[in-house]
Amino acid sequence: MARTVTTKSGRVLTDDDIDKIADWFESGNVDISTWERRPGRPRLDPATPEHAPRIAVRVPGSLHRRVTAKAARERRSVSQVVRSLLEDYVASRESQG
């Protein structure tokens with residue numbers, strides 16, 4: 001199955017482009033020792049050194065569309081919405097004892 005590769009600027013790379021890049025790297029004329037690693041995503045909790053676990057949940061398509069639309073209107077990610085809802089859920093259960 002063909003995969004579309006897009007650059008940061010939005011340009012779609014052709015097979016010829018990818019072949020040229022591969023040839024350039026394989027030529028041995030590339031010094032990657034000076035390249036700087038880009039930082040990854042920030043930690044969800046900077047005080048905690050471990051990786052944040054992922055929770056996978058299946059939802060009906062209609063619910064996904066509604067949540068995605070509402071999150072976009074609020075300029076939030078779906079992950080931010082779900083984290084907020086989970087925090088509220090746990091807090092309400094803890095206050096009940």
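The residues R75, R65, when put in order of fewest to most other Cβ atoms within 10 Å, stand as R75, R65. With the charge dipole of the chain set up from +1 on Lys and Arg Cβ and -1 on Asp and Glu Cβ about the Cα centre, the Cα lying farthest toward the positive end among the listed residues S27, H64, P39 is that of H64. The charge dipole of region 35-97, taken about the Cα centre with unit charges on the Cβ atoms of Lys, Arg (+1) and Asp, Glu (-1), comes to about 460 debye, rounded to the nearest 20. Give the calculated FRET efficiency between A72 and N29 to the nearest 0.05, with a Förster radius of 35 Å applied to their Cβ-Cβ distance. So the FRET efficiency works out to roughly 0.20.
Subtracting the Cα-Cα distance of R11 and Q80 from their residue separation scaled by 0.36 nm leaves 21.9 nm.
FYI, it's all coordinate maths here, none of it is from the lab. What you see is a predicted model, and the numbers here were worked out from it, not measured in a lab. Note that we place each Cβ from the backbone using ideal geometry, even for glycine, and neighbour counts take in every protein chain shown.
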